[in-house]
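Colleague: Here it is: the structure, laid out below.
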Amino acid sequence: MQVLPKGLRHIPNFLDFTAQKALVDIIRTIVEEAPLYRPVMPNNGKPFSVRMTNCGTLGWVSDKEGGYRYQDTHPTTNLPWPTIPQELLSIWNETSGTDYQPEACLINFYDQTARMGLHQDKDESTFEAPVVSLSLGDTCLFRVGQTTRGGQTKSFKLNSGDIVVLSGESRLCYHGVDKIYPDTSPLLKNGGRINLTFRRVSEVT
Ligand code: MD3
Ligand code: FE
């Protein structure tokens with residue numbers, strides 16, 4: 001009986017506190033150029049509890065009219081997304097096991113009450129490439145299930161500095177964030193959690 005999907009790799013404490021601090025400064029400069037905004041659900045327009053922005057040639061967005069998709073500009077500034085800084089590309093290069101680069105880095109910001117329901121990441125044109133995730137700030141309770149809704153799920157905590165690499169079968173598994181544990185990390189002045197997900201969107205040729 002296998003609960004954790006094949007291909008999921010959790011690397012606790014990949015970054016030490018000093019390296020985490022440096023990345024938070026880098027993320028701050030990205031957010032100055034591409035401010036966090038609150039996406040809404042397709043169809044019903046219900047706002048996400050998570051605020052988001054992106055860097056890369058493509059960024060993930062959601063709105064009522066256009067639905068979930070990738071686009072090359074920020075939805076409120078209409079400017080191209082900032083490029084992915086080398087310090088972030090290095091994380092992909094050290095953990096993804098690929099020799100190509102990600103196109104999108106989605107930056108999710110969770111305040112202490114934010115959550116993300118169980119979903120699959122299926123808006124990319126390729127599922128061959130892995131997804132790499134980095135957690136910063138407060139600890140969360142993360143849940144991963146199977147490739148079909150309603151399958152068995154397993155929960156575990158993701159701490160600041162942890163990496164998760166999703167490749168192979170795990171790439172299309174349902175997953176979500178059930179809760180943030182307030183005040184579990186001193187990294188972010190006002191608390192909360194940042195998650196970066198690096199993604200390949202278009203096919204690798
Ligand atoms: C497991 N973000 O942005 S990242 C998302 O912590 C998203 O913000 C969560 O799910 C967060 O879409 C989880 C880790 C992650 C990313 C993709 C996965 C886990 C995954 C794809 C398949 C299975
Ligand atoms: Fe996801």
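Bear in mind these aren't lab numbers, they're just calculated from the coordinates by the rules spelled out. Since we're looking at a predicted model, the values are computed, not measured. Counting neighbours? That spans all protein chains shown, and the Cβs are built from the backbone with ideal geometry, glycine included.
Colleague: Residue by residue through the stretch 9-64, note down the ones that are over 27 Å from Lys154 (Cα atoms) and touching a Leu at 6+ places or on another chain (Cβ under 6 Å).
Modeller: Thr53, Asn54 - these are the residues of the stretch 9-64 that are over 27 Å from Lys154 (Cα atoms) and touching a Leu at 6+ places or on another chain (Cβ under 6 Å).
Colleague: Working only within the stretch 157-193, note down all residues that are surrounded by fewer than 18 Cβ atoms within 10 Å (Cβ to Cβ) and in contact with a His (Cβ under 7 Å, 6 or more places away or on another chain).
Modeller: The answer is Gly176, and nothing else.
Colleague: Still on this structure, please answer the following. Inspect the stretch 142-150 for any residue being surrounded by 17 or more Cβ atoms within 10 Å (Cβ to Cβ), near ligand 1 (Cβ under 9 Å from one of its atoms) and more than 23 Å from Trp92 (Cβ to Cβ) and give the result as yes or no.
Modeller: yes
Colleague: For the stretch 106-139, how many residues meet the condition of being under 18 Å from Gln71 (Cα atoms) and more than 10 Å from ligand 1 (Cβ to nearest atom)?
Modeller: The number of residues fulfilling the criteria is 3.
Colleague: So, one more: Need the failing condition index for Lys122 against (1) over 14 Å from the mean Cα position of the chain (by Cα); (2) over 25 Å from Pro85 (Cβ atoms); (3) in a loop (DSSP other than H, G, I, E, B), just the number.
Modeller: All conditions pass for Lys122, except number (1).
Colleague: Limited to the stretch 150-198, what total is found for residues that are without any contact (Cβ under 8 Å) to a residue 40 or more places away in the chain and of a type in the set (Phe, Trp, Tyr)?
Modeller: 0
Colleague: Kindly indicate whether Phe198 is within 9 Å of ligand 1 (Cβ to nearest atom), within 14 Å of the chain's Cα centre (by Cα) and aromatic (Phe, Trp, Tyr).
Modeller: So Phe198 fails the test.
Colleague: Inside the stretch 108-139, can you point out the residues that are away from ligand 2 (no atom under 13 Å from the Cβ), of a type in the set (A, V, I, L, M, F, W, C) and closer than 24 Å to Pro35 by Cβ?
Modeller: Phe109, Ala114, Leu134, Leu136
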